[in-house]
Amino acid sequence: MYIYQIMSNNFGYLDIILLAMIAGFIILRLRNILGRKTGHEEKAYSEFTEKRFGQFKKVSENKVKKSLTEFDKNEKKQFLKGAEIAYETILTSFSKGDKESLKSLLTEKMQSNFSSAIEDRKRKKIQSELTFIGIKSSAIQKFEKTAEALFFTVKFVSEIISVKKDENNKVIDGNPDTIQTVVDEWKFTKKISSVSPNWYLAEIKTP
């Protein structure tokens, strides 16, 4: 019995020694793989505090919310300002036959329509001259939303001088000395999923 107890105790000590050796081996392997901490390493995500996470989450939620339906007074004002610039640029570019400038302002369907009209004008050898005087007023008439896109319909009241001439430089439409008041309703669109701030002319309506 005594001998059995001694053997049992010896086996207990051996077990402890073996476990200690295994633990030491594992620690050494981990240090080799992960490297030793010296105290000078930068903390992982040291800038990503709970406060910063809260701010990031808030900004993200606002972007999603606004991209869907919500536009405050200032955002609508900025949109109208951009729409006015697009309106003038599209009219003057179309008159000059500048397809490249039109490309970044129109949907694919409208690009096709404008391009066809420019080519038809060229075939008939008609010259188009337009002087843009200015916009008297602009106002959002309607807002629409589908599953994929947003739409703003804007009413423009502008003043222009528009003249068309034939191949002999004879005026066939308009008057170079008369300022016309023009009323247009244009529908602009952008995809909900788009991160770009750009809107595109999708339709020209008759008021």
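Values quoted throughout were computed directly from the atomic coordinates according to the rules given, and no laboratory measurement underlies them. Predicted model only: the values in this text are computed from it and were never measured.
Annotations for the structure displayed:
- Pairs from the table (Lys81/Lys170; Lys76/Lys109; Lys73/Lys96; Lys77/Lys205) lying more than 31 angstrom apart at Cα are Lys81/Lys170; Lys73/Lys96.
- Structural size metrics of the range 152-194, computed from C-alpha coordinates, are Rg and Dmax of 16.4, 50 Å.
- Compactness check for the range 52-205: Cα Rg over 2.2 N^0.38 Å is 1.25.
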